[in-house]
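Since the structure comes first, as structure tokens, the remarks are kept for the end.
The values are calculated or read from the model by the stated rules, or taken from the named source; none is laboratory data. Please read these numbers as outputs of a predicted model, since none were measured by experiment. So basically every Cβ, Gly included, is an ideal-geometry build from the backbone, and we count neighbours across all protein chains shown. These area figures cover heavy atoms from the full protein model, side chains too; ligands, DNA and RNA do not enter into them. Shrake-Rupley method; radii C 1.70, N 1.55, O 1.52, S 1.80 Å.
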Amino acid sequence: MKCEEFEAIGLERSGVRMSEVEADLQDAAAAHAAQCPGCAALQESWQQARLALQALRETTRDAETPRRVEMQLVHEFGLRHRARKTRTAAIFAAWALATAAVLFAGVSWWNSRLTQTQGGPVSAGNGAKSNAPAPAVLPGDAFDEATLVADNFTLLPGSLPQEVDDSAIVRVGMQRGALSALGLPVDEERVSDWIQVDLLVGQDGLPKAVRLPEQAN
Amino acid sequence: MPGGMSIPEQDRDDVLLRRAAKGDEESFTALYRRHQAALYRFALRMTGNAWAAEEIVQDVFMTLMREPKKYDSDRGPVGAFLYGIARNRVMKHLERLPRELPLEETNDDGTRASEIAVNSFTPANWAEQQERSARVHAAVLDLPAEFREAVVLCELEELSYEEAAQRSGCPIGTIRSRLHRGRALLMAKLEILRDAPRRVSAATRR
């Protein structure tokens, strides 16, 4: 074995990884060290170095990061994730608020439109279809027969004058043909015309009398 | 971390990391406690400076906290990922070191004030061991970074060549040769420190 080879193998031999060097090479290195004072000195020197390294390893074997680092990291972790949660909650709240505002505006607009279109076409009898809102209830006091006549109401067939007490006037949109369902005569040629009609609705919810608004005044 | 032991699913590093990324503090703490000591020892042995080692470990876990998605399980375990970050930070620290040295306080024997020694035996043993480890640590810290890393990984961390090569991201042959030259340089330095110059190995000549 040459000195250069010994440097590579002899140090391994004296190191912690003896198993990594084949046994015959170890023997050859030992034989070389016995004959070569320089390599023997090198080996001894390495053994000294190894002892020193071992001492260094021992002094730092149980070294750990100081506890304060963990505390700082955990604190930072908490801050970071709390901040993220808060941000998420704020974004969610902002969106919820915006949605609520849009809904409120929509409902307000719809209500105002509803108010404006009060008395518009509504479905009435005979399957007549309409997208119009519910019929508007007009203010009215108790009726009697004399008032009925004065207000141009026509009592519907089968209704008695005394049944109109505490009735309410309801203005509805309907096709003229629907009047026939109330027992009124209808011009065959104008059955599909839309008209507005005031109905006098009794406490039982049934119409008792009817008038055409143009007759009212 | 013992390699052969089977770890319950919920305690696996990647599972802990996933949970930590979602804000689970306990998982983050578990991950930290599992890896901090090894990272700290590596950083300490490479830099010889407790403050720097502490900062490096903190930096590693801050990176993990900020960018957990940087970890790619296809490229290896979480431990190796953390070690990779630590290694980068150590190398950066070593590059900056000449500018930082004058700011370090030094002891009478020339070792840095922030160097730590942990074990305590009898006062005489302790003093002797302190002196020896301070001397060898100074010699290790004098080695060029790549040789120092090989010596730290193979001699101090007691990793196999294969493990050391994996960690350093280089072939086993490179680790072997770095270790060989690192040892030779180390011996030469220790000889000089002992005022007993012997044969300077061919390995120390570049």
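What the table shows:
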read-out	value
Protein accessible surface hidden between A and B, which excludes ligands and nucleic acids, total in Å², probe 1.4 Å	4700
Peptides ranked, highest mean first, by Cβ atoms within 10 Å: ranges B:135-145, A:188-198	B:135-145, A:188-198
Using distinct alpha-carbon pairs, which all enter the 1/r mean, Kirkwood radius of segment A:159-212 in Å	11.6
Peptide-level mean, for A:65-75, of C-beta atoms on other protein chains within 10 Å	6
For A:40-53, mean number of other protein chain Cβ atoms within 10 Å	6
Theoretical gain in end-to-end length, B:Lys92 to B:Arg33 [0.36 nm per residue, Cα-Cα removed]	18.8 nm
Most to least packed among A:56-62, B:175-181 [average Cβ atoms within 10 Å]	B:175-181, A:56-62
Approximate spin-label separation A:Ala100-A:Arg61, in nm, with each point projected 7 Å along Cα-to-Cβ	6.5
Peptide A:77-89 - average C-beta neighbours from other chains (10 Å radius)	2
Karplus-derived HN-Hα couplings along segment A:59-74 (A = 6.51, B = -1.76, C = 1.60, θ = phi - 60°), whole Hz, x at Gly and Pro	5, 10, 4, 9, 5, 9, 5, x, 4, 4, 5, 4, 5, 5, 5, 5
Gain upon complete extension [B:Asp11, B:Thr174; 0.36 nm per residue less C-alpha separation]	55.2 nm
Accessible surface of segment B:27-84 [probe 1.4 Å, protein heavy atoms]: carbon and sulfur percent	48
